[in-house]
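This is the structure, below, for whatever I ask next.
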Amino acid sequence: MARLVIVSNRVPAARERSQPAGGLTVALKDAILRRETLWFGWSGHLTSGQTASEPSIRPGHPTFATIDLPQEAFRSFYEGFSNSTLWPLLHWRPGLAEFRRDELDAYYAVNDMFAAALAPLLRADDVVWIHDYHLIPLGAALQARGAAQRLGFFLHVPFPPAPLFDTLPQAGQLLKALGAYDLVGVQTRADATYLQTAVRSVGGSVPVAPFPVGIGANAFEKLARQAQAIKDTERLHASLAGRTLILGVDRLDYSKGLPERFRGYAQLLRRFPAHRNHVTFIQVAPVSRGNVAHYRALRRELDELTGRINGDLAEFNWTPLRYITRSLPRATLAGFHRLARVALVTPLRDGMNLVAKEFIAAQPPDDPGIEVLSRFAGAAEELTDALLVNPSDPDEIAGALDAALSMPLEERKRRWENMMQVVRRHSARAWAESFLERLADPGRQAA
Ligand code: ADP
Ligand code: F6P
């Protein structure tokens, strides 16, 4: 079988291998197939010069090849065009999108650095699978360097309606660059429609299809079961002193709807005071993209909001909201998910949201908890037995939380069983296999 080459900006080798925060690396790590795989990406290190380093190769399964990138270009590429322009636009937030021509240029330049370093490593019969919005023009850049391999692209984040994307200067150039791919995958049917329309509006053409990303459900279920016995889970359990745990786990990102969620929880305690002193909400939100202005502003807002909510509502023996901005080991997170009776997964807009699936996989089958899920997460297309809410409305979140906290066991079980079936069926591995089968044989319909 042909070798698979995965390309992404972030690779798990670049940070703690065991606990990448971010859906892309988690899904791909869980999906690594039995075939020979090379995973190419940024090392996590920067150089002071103008050029990227030679690839550093770490053999294994998969083999990692990573490059260091020049500091200045990387900032404009990653903090600039990728995360200050594309990220907000793709998450339907044009008001937050900034545009600078020099950052757009750096975006193309860094994509070309990826292409220059990767092209010599490619074998003629490799299948190349490129991931996410950082690397849209990489396929075209590889072809410009003579690469003739089959090229697939997967967008992990949402794609907005075409007129919204069209507010981006040079949008057409970027959309046309997608023409280099033999297949473009997105998370949902809606994303596929929007992207297809946008590509056609600039006279381009490319096969686009939805492939909803999943998790390694059995592995996460096992991790969560085993994590019941680890020290962190036991300490958390003891610290709850019999209170019901409500849990949120997200990167600290404005797409995740955290201020609205915090307000929703505060509304629960105000409107339904019977829950006071009987629940504890823990939000784990590791700092992400901390050099980007809107992320820093969000952090300040959440610091203040946490202080205000606890100041207003705490009692001398109860802190309603615990807020942690560090990353936690995956096993600890799995144990927390297992203890939680309610998950709050309320992004304003999200490609998929793997946390929504991890919570389901971690629940005890005989007494499962309930998930309050945003209608605007890709996961809402599949997890229709969650309590679906509009994440912009704290009152709706409060109402759903109250319903979740008072739901009878039979109904919780019925909902959980339905969702667990979906989470198991649409695993990370099934996702990768169906994308790659379709890439190898474009005539085939998606599973
Ligand atoms: P995104 O890709 O936007 O970050 P997802 O929910 O799809 O959102 O994926 C996030 C992944 O990162 C999940 O697998 C989640 O468990 C992991 N993660 C999130 N927060 C933390 C954390 N505090 N510590 C470790 N892993 C985390
Ligand atoms: O899943 C969306 C995503 O943006 C990935 O592309 C990315 O790797 C992850 O979230 C975490 O973000 P970052 O790589 O900027 O830390």
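Every number in this text was worked out from the coordinates using simple rules, so none of it is lab data. Being a predicted model, the structure only gives us computed values, none of them experimental. Cβ coordinates were reconstructed from backbone atoms using ideal geometry, including for glycine residues, and neighbour counts include every protein chain displayed.
What relative contact order, as a whole-number percentage, does the range 217-425 give when Cα pairs under 8 Å and 6 or more residues apart are counted?
That works out to 27 percent.
Name the lysines eligible as straight-distance cross-link partners of residue 413: C-alpha to C-alpha under 22 Å, and not fewer than 8 places from it in the same chain.
Residue 413 reaches 222, 357.
Summarise the long-distance tail of P(r) for the range 85-130 by giving the % of C-alpha pairs beyond 17 Å.
For the range 85-130, the fraction of Cα-Cα distances above 17 Å is 53 percent.
Also, I was wondering about something else. Please provide three numbers in whole Å: the alpha-carbon extents of the range 217-425 along the principal axes, with the largest listed first.
Between the extreme Cα coordinates on each principal axis of the range 217-425 lie 40, 37, 33 Å.
Let me ask something else. Residue-wise, which Karplus ³J(HN,Hα) couplings in Hz belong to the range 167-173, taking 6.51 cos²θ - 1.76 cosθ + 1.60, θ = phi - 60°, and x for glycine or proline?
5, 6, x, 6, 4, x, 4
May I ask you to compute the full-extension gain from residue 411 to residue 222, defined as 0.36 nm times their residue separation minus their alpha-carbon distance, rounded to one decimal in nm?
Computed gain between residue 411 and residue 222 is 65.6 nm.
Quick check: residue separation of residue 271 and residue 319 times 0.36 nm, minus the Cα distance between them. What number comes out in nm?
Value of the extension gain: 15.5 nm.
For residue 237, project a label point 7 Å along Cα to C-beta. Then give me every residue of the range 245-288 with its amide nitrogen under 17 Å of that point.
245-246
Rounded, prolate or oblate for the range 285-330? Axes are the square roots of the Cα gyration tensor eigenvalues, ordered a ≥ b ≥ c, and the cut-off for rounded is a/c under 1.5.
Because a/c hits 1.5 or more and a/b fails to exceed b/c, the range 285-330 counts as oblate.
Let me ask you something else. Evaluate the charge dipole of the range 217-425 about its Cα centre and quote only its size in Debye, nearest 20, assuming +1 on the Cβ of each Lys and Arg and -1 on the Cβ of each Asp and Glu.
The dipole of the range 217-425 has a size of about 560 debye.
Please turn the phi angles of the range 94-100 into ³J(HN,Hα) values with the Karplus equation 6.51 cos²θ - 1.76 cosθ + 1.60 (θ = phi - 60°), one per residue in order, whole Hz, x for glycine and proline.
x, x, 9, 6, 10, 9, 9
Let me ask you something else. To the nearest 500 deg cm²/dmol, what mean residue ellipticity at 222 nm is calculated for the chain from DSSP H runs of n ≥ 4 alone, each contributing -39,500 (n - 2.57), summed and divided by the residues?
-12500 deg cm²/dmol
Here is a follow-up. Can you give the angle from 0 to 90° between the axis of helix 101-118 and the longest principal axis of the chain, with both taken from C-alpha atoms, to the nearest 10?
70
Same structure again: Going by a ≥ b ≥ c, the root eigenvalues of the Cα gyration tensor, does the range 98-249 fall in the rounded group (a/c under 1.5), the prolate group (a/b larger than b/c) or the oblate group?
Judged from the Cα gyration tensor, the range 98-249 comes out prolate (a/c at least 1.5, a/b above b/c).
On to the next question. For helix 189-201, report the angle its Cα long axis makes with the longest principal axis of the Cα atoms of the chain; keep it between 0 and 90° and round to the nearest 10°.
The angle comes out near 30 degrees.
Note down the nm distance, to one decimal, between modelled labels 7 Å out along Cα→Cβ at residue 230 and at residue 101.
5.1
Still on this structure: I need the Kirkwood Rh of the chain: take the reciprocal of the average 1/r across all distinct C-alpha pairs and report it in angstrom.
Averaging 1/r across every pair of different Cα atoms and inverting gives 22.6 Å.
Under the Karplus relation 6.51 cos²θ - 1.76 cosθ + 1.60, θ = phi - 60°, what is the ordered set of whole-Hz ³J(HN,Hα) values for the range 302-308, x standing for Gly and Pro?
In residue order, the calculated couplings are 6, 4, 5, 5, 4, x, 5 Hz.
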